[in-house]
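Worksheet for the structure shown next.
The values are calculated or read from the model by the stated rules, or taken from the named source; none is laboratory data. What you are looking at is a predicted structure, and each value in this text was computed from that prediction instead of being measured. Here the Cβ positions follow ideal geometry from the backbone for every residue, glycine too, while neighbour counts run over all protein chains shown. Surface accessibility is based on the protein's heavy atoms, side chains included, excluding ligands, DNA and RNA. Shrake-Rupley method; radii C 1.70, N 1.55, O 1.52, S 1.80 Å.
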Amino acid sequence: QHRGWFQSSLLTGVAIDKQAPYKQCLTHGFTVDEHGRKMSKSLGNGIEPQDIMKTLGADILRLWIASADYSNEMSLSQEILKRNADAYRRLRNTARFLLGNLDGFDPAQHLVAPADMVALDRWIVHRAFEVQEKIKAAYTGYNMAEIVQLLLNFCSVDLGSVYLDVTKDRLYTMPVDSRGRRSAQTAMYHIAEAFTRWIAPILSFTADELWGYLPGERKENVLFATWYDGLTPLPADAPLNAADFDQLLALREQVAKVLEPMRANGAIGAALEAEITVAADAETAARWQPLAEELRFLLISGDVQVRPATTDEVFVSAQPTGKQKCVRCWHYRADVGSVAAHPELCGRCVTNIDGAGEDRRWF
């Protein structure tokens, strides 16, 4: 239709009304099969949209359309649909995890102010804010493929590989109404609110489904909602700002590379069985030492020691722990069994069960 209806109606509209008959016009290339051939009945290589919707659902068809580069010919095959189904499951599973951990959370009562949130929670909300700004710009420019890529990267990298993995400890071991747990739920609530709006124009049915499970008061339908304004960027003077987290996540990757050979040769079974020593220049060490007690949660490892070194690089070493395993949180701690009433638990688990709960500031 590039040279057909749009062009002829444009010429007619300008000739008669002195203006285009449409405010904006977005066109796309042909749909072709995996070999680049135009889909047609004579070749028998067409895939009916109704068949896709019956087997995979309408949202996976919509996801394929959005992820395709519509400025060129758009390839479609069963293999391409399978890849889109896998991508859809990644998005849906992320949403399920967020919703599952919002059980019992009422934003009217439990929402934690940004200044009181755990540093890691403030960082993930900051990352969601950055992603939302990029998604806004991409929607404005009709760059649907970029939106899909931003969604998948955020779910796989920021959430899946880092945030959701790290916060499981807080969500599952701390008291239900503790600040550390409510802080994590607050971050997940903000992300779920924003995420549902991000996907609504593309994964409309999924967004509508999520909308009905989100806690708190809201409009009847997500399609009547605008961008979520509860995402706040990290200020530059935050105790841990965005640049600090970039360095800490780089450290996390470095630790993983050190631990992988230890897993391979049987020295450890999991990262929690390794004690980590981090050596860095005096300035970096001074910045990380106050975090050392909680760094093990970010690294999902045993105890972490930070010491200054006469070097500009960061060095990581690890050794198997000799401490006992807490049966509740699975961390290896020197104080396991220190309380007679709980001979198999570490000190912080005892505090989380019988006391006011541990205090978490960073991770």
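Among the candidates ALA250, ALA282, which residue alone is at pLDDT below 95 and of a type in the set (A, V, I, L, M)? Step through it out loud before you land on a result.
Numbers: ALA250 fails: at pLDDT below 95.
On inspection, the qualifying residue turns out to be ALA282.
Any residue that is free of Cβ contacts under 8 Å to residues at least 60 places away in the same chain and farther than 30 Å from ASP354 by Cβ - is there at least one of those in region 158-176? For region 158-176, residues free of Cβ contacts under 8 Å to residues at least 60 places away in the same chain and farther than 30 Å from ASP354 by Cβ: present. Taken residue by residue, region 8-17 has no member that is at pLDDT 85 or above, under 28 Å from the mean Cα position of the chain (by Cα), surrounded by fewer than 15 Cβ atoms within 10 Å (Cβ to Cβ) and not basic (Lys, Arg).
Close Cβ contacts (under 7 Å, 6 or more residues apart or on different chains) running from residues in region 62-77 that are without any contact (Cβ under 8 Å) to a residue 40 or more places away in the chain to residues that are assigned to a helix (DSSP H, G or I) and open to solvent by 20 Å² or more (accessible area, probe 1.4 Å) comprise TRP64/ILE80.
Note on region 158-186: among residues that are open to solvent by 10 Å² or more (accessible area, probe 1.4 Å) and within 11 Å of ILE124 (Cα to Cα), the one that is nearest to the chain's Cα centre (by Cα) is ASP158. Quick one: is SER317 open to solvent by 30 Å² or more (accessible area, probe 1.4 Å) and modelled with pLDDT of 95 or more? When the stated conditions are applied, SER317 passes them. Note on region 218-231: residues that are free of Cβ contacts under 8 Å to residues at least 24 places away in the same chain and assigned to a loop (DSSP other than H, G, I, E, B) total 5.
The C-beta contact set for region 281-304 (first residue open to solvent by less than 40 Å² (accessible area, probe 1.4 Å), second residue among the hydroxyl-bearing types (Ser, Thr, Tyr) and part of a loop (DSSP other than H, G, I, E, B), distance under 7 angstrom, 6+ apart or interchain) comprises ASP281/THR311; GLY302/THR321. Selection within region 224-252: residues that are charged (D, E, K, R) and open to solvent by 30 Å² or more (accessible area, probe 1.4 Å). The member of this set that is farthest from MET117 (Cα to Cα) is ARG252.
Each residue in region 232-262 was checked for being acidic (Asp, Glu), part of a helix (DSSP H, G or I) and free of Cβ contacts under 8 Å to residues at least 12 places away in the same chain, and 3 of them qualify.
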